[in-house]
Amino acid sequence: MNVIYNSEHFWILAYPAQQGFELFDKDGMRTLFVQGVLARHFFHAMEDIPEAERDYATIDAFLDDYCKDSARPIVIH
């Protein structure tokens with residue numbers, strides 16, 4: 001596992017052996033794991049953000065939208 005992005009609101013963790021990424025919403029306490037084709041789609045979508053617009057606000061907004069309907073709440077027992 002490698003932390004490849006860390007902001008006030010999100011982490012992106014890479015799992016190279018599983019060819020996946022975990023998106024962790026710190027504020028919403030939700031997580032989304034993408035693997036295989038979905039991980040490649042996510043990676044390319046991140047790369048499609050123009051270099052001049054790659055700041056925390058833009059990336060966090062992208063991640064929030066990406067996780068909106070798919071991320072699951074983190075439940076602690």
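The values are calculated or read from the model by the stated rules, or taken from the named source; none is laboratory data. The structure presented is a predicted model; accordingly, all values stated were derived computationally and were not measured. Here Cβ is always computed from backbone atoms with ideal geometry, including for glycine, and neighbour counts include all displayed protein chains.
Numbers for the structure displayed
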{"read-out": "Any hit, segment 65-72, residues being at pLDDT 95 or above, assigned to a loop (DSSP other than H, G, I, E, B) and of a type outside the set (A, V, I, L, M)", "value": "no"}
{"read-out": "Every pair of residues 6+ apart whose Cβ atoms lie under 8 Å, when the first sits in segment 1-12 and is closer than 10 Å to L23 by Cα and surrounded by 17 or more Cβ atoms within 10 Å (Cβ to Cβ) while the second is hydroxyl-bearing (S, T, Y) and modelled with pLDDT of 95 or more", "value": "I12/Y5"}
{"read-out": "For D60: the one exception among (1) in a helix (DSSP H, G or I); (2) modelled with pLDDT of 95 or more; (3) out of contact with any Ser or Thr (no Cβ under 8 Å at 6 or more places or on another chain)", "value": "(3)"}
{"read-out": "Single residue of segment 1-23 satisfying the filter (assigned to a strand (DSSP E or B) and of a type in the set (G, A, S)) that is nearest to F33 (Cα to Cα)", "value": "G20"}
{"read-out": "Pick from segment 25-38, criterion under 12 Å from Y66 (Cβ atoms) and without any contact (Cβ under 8 Å) to a residue 24 or more places away in the chain, ranking: farthest from the chain's Cα centre (by Cα)", "value": "L38"}
{"read-out": "Residues within segment 2-18 that are within 19 Å of S70 (Cα to Cα) and either of a type in the set (A, V, I, L, M, F, W, C) or at pLDDT below 95 (or both), tallied", "value": "5"}
{"read-out": "One residue from P50, P73 being in contact with a strand residue (DSSP E or B) (Cβ under 8 Å, 6 or more places away or on another chain) and exposed (fewer than 12 other Cβ atoms within 10 Å of the Cβ)", "value": "P73"}
